[in-house]
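A short write-up of the structure that comes next.
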Amino acid sequence: MFQASEKAGILLALCGLLLIGATSLGFSTSQYAMNLIGQIAAFALLALSLDLLWGFCGILSLGHGLFFAIGGYLVAMHLVKVTFDATGTPPDFMLFMGWDSLPFYYFQLDSIAYLIVAIAAVTTVVSFVFGYVSFRSRVTGVYFAIITQALVYMVMLYMFRNDSGFGGNNGMTGFKEIFGMPASGSTTAAFLCGGSLATLGLCLYGCKKLVDSPIGQFMLAVREDESRLRFLGVNTVHIKLIAWCISAILAAMAGFLYVPQVGIVNPTILSPELSIEIAAWVALGGRGSLLGPILGAVVISGLKFILTGLAPDLWPFILATLIICVVIWSPNGLADTSSHVASFYRRLGSLTSIKGRSQP
Amino acid sequence: MTTKQALYVSGLNVSFGNFAVLKNLSWTVDFGEVRGVIGPNGAGKTTLLDSLTGKTKYQSGDIYVKDTVSIKNLTEIEIAKLGIGRKFQKPSVFSGLSGFQNLEIALRAGHSRSIYQPKLTSRQREKIHETSELIGLSSELSRNAGTLAHGQKQWLEIGMLIIAEPSVILLDEPVAGMNSEERGKTAELISNIRGPNIAVVVVEHDMEFVGQVCDTVTVLHDGRVMIEGPMGVVQADPQVIDVYLGKEAASASSH
C-alpha cells in the first residue's frame, strides 16, 4: 500500500505533465472531461490534506473548507484584479456598492508570484494562530472538530456580506483570462487539469515522504497516545502544529487549483456541508492510508457529478447509504477493500476444501 | 559513590475540591535504590506519582528532583526532560507502531537534539537493540505493538523509559495482570535496571513482588507516610497489619 502511494504520486505527476506537454503541442481534448478531471483532482488534494491531519495525526477538522477558501478566494481576487486591469471596470458586485476601483487589499495581486506568497502567508498565519491557541490549551477530539466547524461558519457569515469586497453572497466570477490564457476553452481546461494532476501527484509523493520521516512517526505517536508522548518529554504542540499547518497549505493549494476551473468562488465553499463532505471522502476512502482518501474523493465527487444530474433528490440518500455500508463492512475504508476481497477468497477456499474432505 | 537524593518531597498537600488526598507528605528516595510504595486503595499512591510527573498540581509543599530542582512550576514535558520516566498503570504504548518504532520515538524524545534527525546513527540503532534484549523483546521488534501480549506491552513501556537514560523511573503496578513467570521476568528486569545513578520507585499491590525487588518499602496510608523500612520490618508492624495487610489477608482468604 505504502510503496504504491509513491508510485501513484509519480504516475499522477507524469500524467499531468504529459497532458500539459501534449496540449502545448496542439493536442486537443474534451473541455468537459478536462474540467471534470481537474476539479476532481483538486478535491482529491483536499481529501489528502485532511487525511494527513486526521488519518496520521488523529486531529479531525470539520473546517478544512476555510483553507480551501483562502486559496480559492485569493486566486479569485487575482483573477478579478487582472480583469480590472484589462477592462478598467470593477466587477459588478463592486459597482453595486458604488466603488469605482478595487479596495487596497487587491494591491499587487495581479502578480502570480505575489499571489502564491500571499496564499502561503495567509494560510500559514491563520492556521498557526488558530492551531497554536487550540493545541496549547489542549483542545482535542470532538471539541476541536466543533471549534473548526464554528470557525468556518463564522468566516462564511462574514463572506456573505456584500461590503466585504470579496463578492458577498454572489461571489466573484466573470474572469476574462486565467494565468494569461482565455478564461474558457479546451486548451485552458487541459492546462489547468494537467496542473492539478501534477500538483496532486507531487503532493502525494511529498506526503508519503513526510509520513515516513521522523516527524511522520511522531505524528502517528500523537495519534496513538498523545499523553504518553508528553510524558516522554515531547512537546506535542509542535508536532500537531506542523501537521496542521502543512495540511492547511495543501487545502489552500486545492482551492487555488479549484476556483479557476469552476470560474467562480462564493461563500458556499465555506459552508459546513463542504467541510463535512471532505471528512466523508477521507472516512470512506480510509484514514491513515494516503491513496484511500484520494480514491474516496474521486468516487464520491465523481458519483456526485453524475447523480446530481440524473437524480438530484436521491443523491443525499445514496451518499448516506454508501457511508453506512462502508462503516459496517469496511471500517477502515475503501483502502481496506483489497484485504477484504483476499479474506473472502480465503474463506471461500477453506469452505470448498472442507466440503471436499467431507464428501468421501 | 555519593548518595544524592533523587526525589525529595517536602510537606506535600494535594486535594481535589474539599477532599485532601495527600496530607503534608514528606518523603525521600535516594539514587541507587529500588523503593516500593504500598498502601490500601485511596492511600494516595497514584496521586503521588501524578504529582511527581506534573500530571496533578500540588497546593502546597514542594518536590525537588536531584537535590535541587523544584518541579512546582514545570509542565509534565519539562519534568520528563529532567529525567523522570513513568510507566502508567494501564500499559501505554503506541499501538499502531512497531516495537522498534516505539523505542525509536522514546530514544529520540529523550535527546532533544536528535528528535527530527532524518536517520538514526548506528550507535542509536545499537542502543535500541540492546534495550530490546534487556526487556526480552528482541525477536518481537518488528511486530505491531498493539498486538503484543499484555506483559510484553508492560516491558516495552519500561524499555521506552530506560532507553532515554532517566534518573528516576516510576513504575505504576508493573506486574498487574501478569502470571508468575512474567512477574519473575519483570523482577529480573528491575534488578538489571538498577544502578548507582538511577532511582526506581515501584508502586504495586503484589506484596511478594515488592519484597523481592525493593530494598525499602514505604507504606502510604490516608495521604501520609505510615512507616518505612525493609519489607520484613514493615510486614511485622502491627499498624500496617491492621490497615493494610489485615485487609489484604482477609480478602485473600475470602477468594
Counting only residues in segment B:105-116 that are more than 7 Å from chain A (Cβ to nearest Cβ) and part of a helix (DSSP H, G or I), the one surrounded by the fewest Cβ atoms within 10 Å (Cβ to Cβ) is identified as B:113
Based on this model, can you work out whether residue A:306 counts as closer than 22 Å to residue A:69 by Cβ and surrounded by fewer than 21 Cβ atoms within 10 Å (Cβ to Cβ)? no
So which of B:168, B:202 ends up being within 14 Å of chain A (Cβ to nearest Cβ) and either within 14 Å of the chain's Cα centre (by Cα) or more than 23 Å from residue B:53 (Cβ to Cβ) (or both)? B:168
Run residue B:98 past the list (1) over 23 Å from residue B:198 (Cβ atoms); (2) facing chain A (nearest Cβ under 7 Å); (3) of a type in the set (Ser, Thr, Tyr) and report the number of the one that doesn't hold. (2)
How many residues, within segment B:40-87, are touching a helix residue (DSSP H, G or I) at 6+ places or on another chain (Cβ under 7 Å), under 18 Å from residue B:200 (Cβ atoms) and not β-branched (Val, Ile, Thr)? 4
Name every residue in segment B:42-92 that is under 21 Å from residue B:110 (Cβ atoms), away from chain A (no Cβ under 14 Å) and assigned to a loop (DSSP other than H, G, I, E, B), in order of residue number. B:66
Taking residue B:163 as meeting all but one of (1) over 26 Å from residue A:212 (Cβ atoms); (2) within 12 Å of another protein chain (Cβ to nearest Cβ), write down the number of the exception. (1)
Residues of segment A:234-265 being of a type in the set (A, V, I, L, M, F, W, C), closer than 25 Å to residue B:105 by Cβ and open to solvent by 10 Å² or more (accessible area, probe 1.4 Å), which ones? A:237, A:241, A:242, A:245, A:246, A:250
Out of the residues in segment B:205-247 meeting the condition of being farther than 20 Å from residue B:8 by Cβ and within 15 Å of the chain's Cα centre (by Cα), tell me which one is most open to solvent (accessible area, probe 1.4 Å). B:205
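Conditions tested, residue by residue: (1) of a type in the set (Asp, Glu); (2) open to solvent by 50 Å² or more (accessible area, probe 1.4 Å); (3) within 21 Å of residue A:149 (Cα to Cα).
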position	(1), (2), (3)
A:51	yes, no, yes
A:72	no, no, yes
A:84	no, no, no
A:90	no, no, no
A:93	no, no, no
A:117	no, yes, no
A:133	no, yes, yes
Out of A:114, A:106, A:73, which single residue is among the hydroxyl-bearing types (Ser, Thr, Tyr) and in contact with a helix residue (DSSP H, G or I) (Cβ under 7 Å, 6 or more places away or on another chain)? A:106
Within segment A:196-228, which residues are among the acidic types (Asp, Glu) and open to solvent by 40 Å² or more (accessible area, probe 1.4 Å)? A:212, A:224
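Considering only segment B:1-38, state which residues are out of contact with any strand residue (DSSP E or B) (no Cβ under 9 Å at 6 or more places or on another chain) and either free of Cβ contacts under 8 Å to residues at least 12 places away in the same chain or assigned to a strand (DSSP E or B) (or both).
B:2, B:16, B:17, B:18, B:19, listed by residue number.
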Filter result for residue B:187 (assigned to a helix (DSSP H, G or I) and in contact with a helix residue (DSSP H, G or I) (Cβ under 8 Å, 6 or more places away or on another chain)): yes
Return a yes/no flag: does segment B:19-37 have any residue that is at pLDDT 90 or above, over 27 Å from residue B:188 (Cβ atoms) and of a type in the set (Gly, Ala, Ser). yes
From the list A:20, A:10, which one is more than 24 Å from residue A:208 (Cα to Cα), open to solvent by 30 Å² or more (accessible area, probe 1.4 Å) and part of a helix (DSSP H, G or I)? A:20
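Quick check, is residue A:160 surrounded by fewer than 22 Cβ atoms within 10 Å (Cβ to Cβ), in contact with a Ser or Thr (Cβ under 9 Å, 6 or more places away or on another chain), hydrophobic (A, V, I, L, M, F, W, C) and more than 14 Å from chain B (Cβ to nearest Cβ)?
For residue A:160, the condition - surrounded by fewer than 22 Cβ atoms within 10 Å (Cβ to Cβ), in contact with a Ser or Thr (Cβ under 9 Å, 6 or more places away or on another chain), hydrophobic (A, V, I, L, M, F, W, C) and more than 14 Å from chain B (Cβ to nearest Cβ) - is not met.
Per-residue answers, yes or no, for (1) crowded, with 22+ Cβ neighbours inside 10 Å; (2) at pLDDT 95 or above:
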residue	(1), (2)
A:120	no, yes
A:126	no, yes
A:129	no, yes
A:146	no, yes
A:169	no, no
A:178	yes, no
A:183	no, no
A:194	yes, yes
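Considering only residues of segment A:220-235 that are touching a residue at least 40 places away in the same chain (Cβ under 8 Å) and touching a Leu at 6+ places or on another chain (Cβ under 8 Å), which is nearest to the other protein chains (Cβ to nearest Cβ)?
Ranking the qualifying residues of segment A:220-235, first place goes to A:224.
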Search segment A:95-115 for residues being under 28 Å from the mean Cα position of the chain (by Cα) and modelled with pLDDT under 90, and hand back the single one that is least open to solvent (accessible area, probe 1.4 Å). A:108
Odd one out for residue B:140 among (1) in contact with a Leu (Cβ under 8 Å, 6 or more places away or on another chain); (2) open to solvent by 10 Å² or more (accessible area, probe 1.4 Å); (3) within 14 Å of chain A (Cβ to nearest Cβ): (3)
Somewhere in segment B:156-166, is a residue open to solvent by 40 Å² or more (accessible area, probe 1.4 Å) and closer than 23 Å to residue B:80 by Cβ? yes
Considering only segment B:73-94, I want to know if a residue exists there that is farther than 23 Å from residue B:45 by Cβ, touching a strand residue (DSSP E or B) at 6+ places or on another chain (Cβ under 9 Å) and open to solvent by 10 Å² or more (accessible area, probe 1.4 Å). no
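The values are calculated or read from the model by the stated rules, or taken from the named source; none is laboratory data. Note that this is a predicted model, so its numbers are computed, not measured. Note that each Cβ is placed from the backbone with ideal geometry, even for glycine, and that neighbours are counted across all protein chains shown. Areas reflect the complete protein model, heavy atoms only, side chains present, ligands, DNA and RNA absent. Shrake-Rupley method; radii C 1.70, N 1.55, O 1.52, S 1.80 Å.
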